[in-house]
Amino acid sequence: MSITIDDVKKLAKLSRLEFSEEETAEFVKELTATLEQVDAINKVDVSNVDLLESTVDADTQLRKDEIKPSLTAEEIVANAPDSQDGAFLVPITVAEE
Amino acid sequence: MSYLDYSLTEVLALLNQGKVTSEQLVNECFERIEETKDLNALNSTYYDEAIKRAREIDSARKQGDKLGILAGVPIVLKDNINYVGTKTTCASKFLENFVSPYTATCAQKLHDAGAVVIGKANMDEFAMGSSNENSAFGAVKNPVDPTRVPGGSSGGSACTVAAKQCFASLGTDTGGSIREPSSFCGVVGIKPTYGRVSRYGVVAFASSLDQVGAITRTVEDNALMLNVLAGRDEMDMTSADIEVPDYTANLNKGVKGLKIGVAKQFYSDELCDDVKNSLNKVLEWYKSEGAELVEIDLPSLDTALAVYYILSSAEAASNLARFDGVKYGRRAEEYSDVVDLYFKSRTQGFGKEVKRRIMLGNYVLSSGYYDAFYRKAKRVQKVIRNEFVSAFEKCDVLISPTTATPAFKLGEKSNDHVAMYLSDIFTVPVNIAGVPSLSVPCGTSSEGLPIGMQIIGKHFDEATLYQVANAYELAHKEGQ
């Protein structure tokens, strides 16, 4: 399976990452090599595998839906690059009329 | 002899006997950190806070107050574990200034047991790497030979323990990130069963594989650490509600009658001679102690690395989608609109390896490829897991090399990501199967570099791993 420049450009867009032409070309090679490597999974017969059966030994337990103390808005936005009045500040996302 | 030459267990006894204070230990650790700062093992340290806490513990001990089982012992956390009020950077430019607003359960448990957190360890960015060369804050050096890598991604955690900057550390292991560096640095590291230790508050890489574990200088120390760390946490739905035994209970019991599995797939041609010879000696020794060696077949083992790169990258791409330059971390200085803000912040904030995994992850999850890669890999994962479960019907533990070679040179594989990925070939299958595994030093190479063996056990049977490792360690202490 080989990867094209357009594939890499599409992936970069999905990933919200920007690459130079040079990096894009490098990714074409790298991803092609990696995909050849991961092709090993096709050696295994999986026709009898039931994916719905859990791989976790213990039963998943749900906790009670109780109100407990949690972080304040101020504590949360303390790490935000930009904030105002306990809210995250972002550029305008909806066009002004 | 410095107090730093003692193990965690030994120094606890000295603390309890009043022969040393926690304050003295913290001071000695900081002196050692200063002397060995070129190793670049730590991203941050907290001297003032650590001394304050050590004094509190010392005075509580003097008054005869009831103390936790790790009271007064200096420890280090990997820099992807939140500890309130401290920086948690994941060794990424993206989180360079992130300050934890809360504490991870594993760190809280150590704190509650009286451990004194003195700093955070360097690592590969977002735990992606096998050499600790992917840190935004520079590579970590191997304390045994500073021209070599300490392994990764918990390279700083292994280095800080091996260099005696602290008595134990926490690492995380998604595909070998505790065991490979432990092996390279000559220390003891456990990847517990998936679900044994809570990951609440630990920055996620691949959530279906990540586990937290301890790195220590002895097997007994490691068992003690897991006693503190293990158990159900209602903040992590994947943590198992399975009783936590006393992991030190099986120490000093020997290995007579135990069945040790040897799978030929772990003893491939890739092994260097020194590693092969060390492992042969290990197996002979166990046999001479009354253990039975059992031949095991794990036919799909060689596909585990492929499964790992599909699953871990897919999960990483999803987990790292939250880093958008809005909620926390770095925001690009210049951007045209909100979407451009995402693009620019992520492009400037993430390092090369992280971008590589995000790209691969989004590829295997993208429309048209999801079934061929992600779902297929999940199915193969199940096959591998079943092979391990069947193996453990015939043996109590499996023993393999942790890595095919000792620590490699800095820069040797940094431009060849495929060669780098192969460093984890023996550790990755353990995460894929969800079983526990302990890396223990088992000799040195002709160049004097540490060699590690990996003892793999049944789900939730860490106690037997410690039993098997402890027997070997006791018989092979320095000078014996």
> Counting only other chains, what is the mean number of Cβ atoms within 10 angstrom of the Cβ of each residue in peptide A:76-84?
Replying inline: 5
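Would you mind checking the pairs B:19/B:66; A:10/B:87; B:19/B:120 and listing those with alpha carbons more than 24 angstrom apart? Display every interim value, and only then the final one.
Values: B:19/B:66 18 Å; A:10/B:87 35 Å; B:19/B:120 28 Å.
Exceeds cut-off: A:10/B:87; B:19/B:120.
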> So if R0 is 60 Å, what FRET efficiency would residue A:6 and residue B:35 give, r being the distance between their Cβ atoms, rounded to the nearest 0.05?
Replying inline: 0.65
> Lys/Arg Cβ at +1, Asp/Glu Cβ at -1, dipole of region B:278-331 taken about the Cα centre: which of B:286, B:319, B:298 is farthest positive-ward?
Replying inline: B:319
> Over what distance in Å are the Cα centres of region B:426-458 and region B:363-388 separated?
Replying inline: 26 Å
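Going by a ≥ b ≥ c, the root eigenvalues of the Cα gyration tensor, does region B:224-356 fall in the rounded group (a/c under 1.5), the prolate group (a/b larger than b/c) or the oblate group? All intermediate terms of the calculation are to be shown ahead of the outcome.
Details: a/c = 3.30, a/b = 1.91, b/c = 1.73.
Judged from the Cα gyration tensor, region B:224-356 comes out prolate (a/c at least 1.5, a/b above b/c).
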>> Only counting other Cβ atoms within 10 Å, I'd like B:32, B:55, B:179 sorted with the fewest neighbours first.
In response: B:55, B:32, B:179
>> Just want the answer: with Cβ charges of +1 for Lys and Arg and -1 for Asp and Glu, which residue in A:12, B:77, B:131 is farthest toward the dipole's positive end in the protein assembly as shown?
In response: B:77
> Among A:28, A:44, A:77, which one moves the most in a GNM of chain A with springs linking Cα atoms closer than 10 Å?
Replying inline: A:77
> Once phi is turned into ³J(HN,Hα) by the Karplus curve 6.51 cos²θ - 1.76 cosθ + 1.60 with θ = phi - 60°, what whole-Hz value does each residue of region B:397-402 show in order, with x for glycine and proline?
Replying inline: 9, 10, 10, 9, x, 6
> Which far-off residues, 5 or more places away or on another chain, put their amide H under 5 Å from the one on residue B:129, with H placed in the peptide plane?
Replying inline: B:153
>> List the residues, sorted by chain then number, that are 5 or more residues from residue B:291 or on another chain and whose placed amide H is less than 5 Å from its amide H.
In response: B:257
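Go through B:259/B:394; B:141/B:477; A:13/B:344; B:78/B:164 and tell me which ones have a Cα-Cα distance over 19 Å in this structure.
Details: B:259/B:394 8 Å; B:141/B:477 25 Å; A:13/B:344 12 Å; B:78/B:164 16 Å.
With Cα atoms farther than 19 Å apart: B:141/B:477.
Counting Lys and Arg as +1 and Asp and Glu as -1, each charge on the Cβ, what is the dipole of chain B about the Cα centre in debye, to the nearest 20? It would help to have the intermediate numbers written out before the result.
Numbers: 51 positive and 60 negative charges, 137 e Å.
Roughly 660 debye, rounded to the nearest 20.
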>> Under a crude label model (7 Å from the Cα following the beta-carbon direction), how far is residue B:56 from residue B:336 in nanometres?
In response: 5.3 nm
> To the nearest whole number, what is the average tally of beta carbon atoms from other chains within 10 Å of the beta carbons of peptide B:377-385?
Replying inline: 5
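Could you line up B:184, A:88, B:30 from fewest to most neighbouring Cβ atoms inside 10 Å? Please list the in-between numbers first.
Details: B:184 36, A:88 15, B:30 19.
Taking fewest neighbouring Cβ atoms as first place, the list is A:88, B:30, B:184.
Using Cβ counts within 10 Å as a stand-in for footprinting exposure, how do A:47, B:100, B:313, A:2 rank, fewest first?
Details: A:47 6, B:100 18, B:313 27, A:2 10.
Fewest-to-most Cβ neighbours within 10 Å comes out as A:47, A:2, B:100, B:313.
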>> Counting only other chains, and only Cβ atoms inside 10 Å, what mean value do you get across the residues of A:32-39?
In response: 6
> Which value, in debye to the nearest 20, gives the size of the charge dipole of the protein assembly as shown about its Cα centre, when Lys and Arg are +1 and Asp and Glu are -1 at the Cβ?
Replying inline: 720 debye
> Which whole-number percent is the relative contact order of region B:11-98 (Cα, under 8 Å, 6+ apart)?
Replying inline: 29 percent
> For chain B, what number results from the quotient of the Cα radius of gyration and 2.2 N^0.38 Å?
Replying inline: 0.93
>> Taking θ = phi - 60°, what integer Hz values does the Karplus form 6.51 cos²θ - 1.76 cosθ + 1.60 yield along region B:122-137, in sequence order, with x for Gly and Pro?
In response: 4, 6, 6, 3, 6, 6, 9, x, 10, 9, 6, 8, 8, 7, 5, 10
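Counting only C-alpha contacts under 8 Å and six or more residues apart, can you give the relative contact order of region B:3-229 as a whole percent? Intermediate results must be reported in sequence, preceding the final value.
Details: 563 pairs, mean separation 46.0, N = 227.
The value is 20 percent.
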>> Can you compute the modelled spin-label distance between residue B:24 and residue A:26, with each label point 7 Å from Cα toward Cβ, in nm?
In response: 5.3 nm
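Bear in mind that the values in this text are calculations on the coordinates, not laboratory data. Predicted model, so just to flag it, every value in this text is computed and none were measured. Ideal geometry is used to build each Cβ from the backbone, glycine not excepted, and the neighbour counts take in all protein chains shown.
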